[in-house]
Amino acid sequence: MTTSRIALLSLLGLALLSSSVQAEAAPQPEQGSKPISIYLDGQQLQPEAPPLNISGTVLVPVRDLFEAQGASLTWNNTSKTLTAVKGSTTLTYTIGSAIARLNERTLDLPVPGQLSQGYSMVPLRFVSEALGSTVTWQSAAGSVIISSAAAHETSVTWGVNLRSLPDSDSETANQKLLPAGSKVHVLREAGALWLEVQTEDHLTGYVSAKPKYTDYRSNSLLQKQGEALITYGKKYLNTPYEFGASPDQTDTFDCSSFVKRVFGDTLSVDLPRVSYDQALEGREISLDELRTGDLLFFTARGLDIGHVAIYAGNNRLLHTYSKEQGVHMEDFSSQWKKRFVTARRIL
């Protein structure tokens, strides 16, 4: 047996000895309680069937759990036996049994797997730790956090405080400032503006999800941030239009000062002042790729680019150009599409 395999089995043995104790911290489900949410490396999993909480042990659909953690799965329907392979690790388990086989070793399960509503449900912590991941239970949020064995994959690009809560007014965890160049592992996205992370010295806390602070990106986070831009921008609905409005105030806007304000206040993204310079930021995308928060540029006032709007999703625009309407939302109509020049993705 190789040294690495011996180390893996030793680690798994320790994890399994502690797993039943840690799992007891999970409360019993009560009628009307909120469902359990599961996060893998910051991304929320959407299992085919709701997780079960059996005596403090969380069970989830087997295929969701294995495939999300990079294991290939085979299933013997006659014996109700599954085999999962990830690298040099092979895990074999029969639904209903209190034991499983990890390579050449027999392991005890805290709760046997079971069939529920046509799905094969297995203990989340047992399987995840057998595949080399770590599992923590957040009782306040009702969340299970799975962290894979991957290295700290996210780089800090601007010095940022490690907060104890997802709030800029919260205390700095262990008085920790993460300098540019340090690495963190993202545990989950805590909304549009915060990431829960683990540092290289095993501290856990929250850092800003604004794009200047880390290189972490995901489709789900970018969608949340686009929606945050629109929510913030709608605070200024009906604010009067003024051509050449100063970007240092919010009593009036023109199209580009409005966009600059929304991106700066929401995500600390500092855009140029005028629309034709804003059209050089980010990267160009097609109309088929549009996502909430993208910028759309149009001809206006005899200029190739003289107007900018924020795409609000569902074929809607958030912008300003009219003294009669001020900041408002409207359809991305055929008239606007005739004047369309380019779309840019800033985030």
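The values are calculated or read from the model by the stated rules, or taken from the named source; none is laboratory data. Note that the structure is predicted; figures quoted are calculated from it, not measured. Cβ: placed from backbone, ideal geometry, glycine included. Neighbour counts: every protein chain shown. Ligands, DNA and RNA are stripped out before the accessible areas are found, and what is left, the full protein with its side chains, is counted by its heavy atoms. Shrake-Rupley method; radii C 1.70, N 1.55, O 1.52, S 1.80 Å.
Some values worked out for this structure:
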| item | result |
| --- | --- |
| Residues of the range 25-49 classified as more than 20 Å from the chain's Cα centre (by Cα) and at pLDDT 75 or above, total | 1 |
| Residue list for the range 223-238, restricted to those being of a type in the set (Ser, Thr, Tyr) and touching a helix residue (DSSP H, G or I) at 6+ places or on another chain (Cβ under 8 Å) | 232, 236 |
| Residues within the range 256-274 that are open to solvent by 10 Å² or more (accessible area, probe 1.4 Å) and not basic (Lys, Arg), tallied | 8 |
| Of all residues making up the range 46-57, the number that are open to solvent by 10 Å² or more (accessible area, probe 1.4 Å) and free of Cβ contacts under 8 Å to residues at least 40 places away in the same chain | 4 |
| Subset of the range 304-328 [open to solvent by 40 Å² or more (accessible area, probe 1.4 Å) and closer than 14 Å to residue 293 by Cβ] | 314, 316 |
| Of the criteria (1) open to solvent by less than 40 Å² (accessible area, probe 1.4 Å); (2) among the polar types (S, T, N, Q); (3) more than 19 Å from residue 134 (Cα to Cα), which one residue 161 fails | (1) |
| Elements of type strands (runs of 3 or more DSSP E) in the range 58-177, at least 2 residues being touching a residue at least 24 places away in the same chain (Cβ under 8 Å) and in contact with a helix residue (DSSP H, G or I) (Cβ under 8 Å, 6 or more places away or on another chain) | 81-86, 89-94, 99-102, 105-108, 119-123, 134-138, 143-147 |
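Quick grid of which residues meet (1) in a strand (DSSP E or B); (2) open to solvent by less than 40 Å² (accessible area, probe 1.4 Å); (3) among the β-branched types (Val, Ile, Thr):
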site: 191; (1), (2), (3): no, yes, no
site: 197; (1), (2), (3): yes, yes, yes
site: 202; (1), (2), (3): no, no, no
site: 212; (1), (2), (3): no, no, no
site: 223; (1), (2), (3): no, no, no
site: 226; (1), (2), (3): no, yes, no
site: 229; (1), (2), (3): no, yes, no
site: 238; (1), (2), (3): no, no, no
